[in-house]
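A quick write-up on the structure given underneath.
FYI, it's all coordinate maths here, none of it is from the lab. All figures in this text were calculated on a predicted structure; none of them were measured in a lab. Glycine also receives a Cβ, built like all others from the backbone with ideal geometry; neighbour counts cover every protein chain displayed.
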Amino acid sequence: MKLDEKTGPDMGLRRVVRANVLKIVFEVIVPMAVFYGLRAAGVGQWWALMAGVLVAAPYVLWTIARNRKVDLIAGVTISVLVLSVVLALLSDDPRTLAIREGWTAALGGLFGAWMLVTVFVGTPAQLTLGRTIAEIKRGAEGANAWVARWDHDARFRRGMRIDTAVWGAVLLANAVVHIVLVYTLPIDLIALVTTVVWFTALAALITWHVWYIRKENLDA
């Protein structure tokens with residue numbers, strides 16, 4: 001049976017990609033543009049940082065209202081907004097407000113640490129995360145068949161563990177680097193440098209991931 005062009009797996013995958021692109025635009029690029037735009041206009045660091053935080057709020061609230069749930073990314077963003085407001089009330093020091101950058105990195109590091117734990121305990125995180133992708137691409141039956149490879153394919157199990165370990169190690173290492181940068185860089189450089197470092201690491205990680213899953217025939 002031919003899949004409907006508007007409701008098939010490819011359409012679902014495109015929706016996922018589009019949603020993540022929008023998150024990057026409205027939760028990363030726009031706040032950074034607001035911060036540096038205000039700094040160029042002579043606005044103080046504290047106010048520019050706060051504006052860069054709050055400008056992401058409307059998009060996050062809109063996604064929650066649209067989806068009628070708080071997903072992982074929205075939850076992290078909300079935690080950053082709340083932390084920023086609390087820090088703003090406690091101190092007028094821009095460096096204190098910039099700590100929020102370290103908070104997001106720490107959460108990423110915790111996620112990476114969890115992934116490393118799953119390499120040795122239970123099933124690797126990439127098997128769990130990959131199932132969602134498999135359902136989008138193949139449907140529930142195809143996803144079940146992909147996950148079932150874990151029970152009888154030793155190469156698949158080894159590949160899942162290695163892929164999960166690499167992701168976990170990179171996320172954890174990036175968190176450490178990110179936090180160090182937050183506390184050592186000039187405030188005006190924190191947003192730019194940490195964002196560049198993060199996307200560089202992510203691009204390298206995704207490139208390796210795509211190469212490895214194709215090499216080992218792990219594609220969901």
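Figures for the structure shown
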quantity: Positive-end extreme of charge dipole, region 98-220 - chosen from A204, I190, G159 (charges on Cβ); calculated: G159
quantity: Hz values of 3J(HN,Hα) by residue in region 103-118 - Karplus curve (6.51, -1.76, 1.60), Gly and Pro given as x; calculated: 5, 5, 5, 4, 4, x, x, 5, 5, x, 5, 4, 4, 5, 4, 5
quantity: Proxy reagent accessibility, fewest Cβ within 10 Å first, across V82, V60, V55; calculated: V82, V55, V60
quantity: Relative exposure of H178, H209, judged by other C-beta atoms within 10 Å (fewest first); calculated: H209, H178
quantity: Separation in nanometres of the label points that stand 7 Å from Cα toward Cβ, at V21 and A201; calculated: 2.6 nm
quantity: Reciprocal mean inverse distance between Cα atoms of region 98-220 - Kirkwood radius, Å; calculated: 15.6 Å
quantity: Residue order, fewest to most surrounding Cβ atoms within 10 angstrom, among W62, W208, W46; calculated: W62, W208, W46
